[in-house]
1. Mind listing the long-range amide H neighbours of Thr91? Cut-off is under 5 Å, sequence gap 5 or more, other chains count too, H placed in the peptide plane at 1.01 Å from N.
2. In debye to the nearest 20, how big a dipole does the range 43-113 give about its Cα centre with +1 on each Lys and Arg Cβ and -1 on each Asp and Glu Cβ?
3. Counting helices only, and only those DSSP H runs with n ≥ 4, report the 222 nm mean residue ellipticity of the chain as the sum of -39,500 (n - 2.57) divided by its residues, in deg cm²/dmol to the nearest 500.
4. So what's the net charge close to Ile58: Lys and Arg +1, Asp and Glu -1, counting the other residues with Cβ under 14 Å from its Cβ?
5. Got the relative contact order for the chain handy, in percent, Cα pairs under 8 Å and 6 or more residues apart?
6. If the only charges are +1 at each Lys and Arg Cβ and -1 at each Asp and Glu Cβ, what is the size of the charge dipole of the range 13-59 around the Cα centre, to the nearest 20 debye?
7. Among Cys115, Ala97, Ser133, whose Cα lies farthest out toward the positive end of the dipole of the chain, if unit charges sit on the beta carbon of Lys, Arg (+1) and Asp, Glu (-1)?
8. Find the percent of Cα-Cα distances in the chain that exceed 26 Å, and round it to a whole number.
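Just so you know, all these numbers are worked out from the coordinates, no wet-lab data involved. Please read these numbers as outputs of a predicted model, since none were measured by experiment. For neighbour counting, all protein chains shown are included, and Cβ atoms are generated from backbone atoms with ideal geometry for every residue, glycine included.
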Amino acid sequence: MARNQRSRRRAGLLLVDDTTDVRDSYAQYFTAQGFRVATASDGADAVAVATQSRPDVIVMDLSMPRVGGIAAIRRLKADARTRRVPVILLTGYPHKAIEQGALEAGADAFLTKPCLPEDLQDHVQQLLDRRRSRPAV
């Protein structure tokens, strides 16, 4: 088994989206790829799940009820338990201003829907590799 595959198998992923079909299809894909997957349906739940499950990467939708993606990212980055967890903002709104706001809030990557699961996995893996190459503080 390749080193990359072994690394992915241990990686935890939190998928956050208020659309059940989107959340479930990505969850099924990443589970089949060997990831440990947790899900949340809005930003408030995402913060709670992230502080408990300590995922290695978070994929966050932008527009959700209660707490949206950018507000959730700000909360995650303000919390010592989750501030180092990379976050990908995945949205159907491909506007430069939204991308800028997401990055300023602390998102590590910005992707637009529709996004093939394989493409999302490539970005997740890049963040995992980058995170593993950084020294712990």
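1. Those qualifying (amide H under 5 Å, at least 5 residues apart or on another chain) are Leu111, Thr112, Lys113.
2. Numbers: 10 positive and 7 negative charges, 36 e Å.
My answer is approximately 180 debye.
3. -15500 deg cm²/dmol
4. Charge balance in the 14 Å sphere: +3.
5. Numbers: 215 pairs, mean separation 27.4, N = 137.
Rounded, it is 20 percent for the chain.
6. For the range 13-59, the charge dipole is close to 260 debye.
7. Ranked along the dipole, the leading option is Ser133.
8. 14
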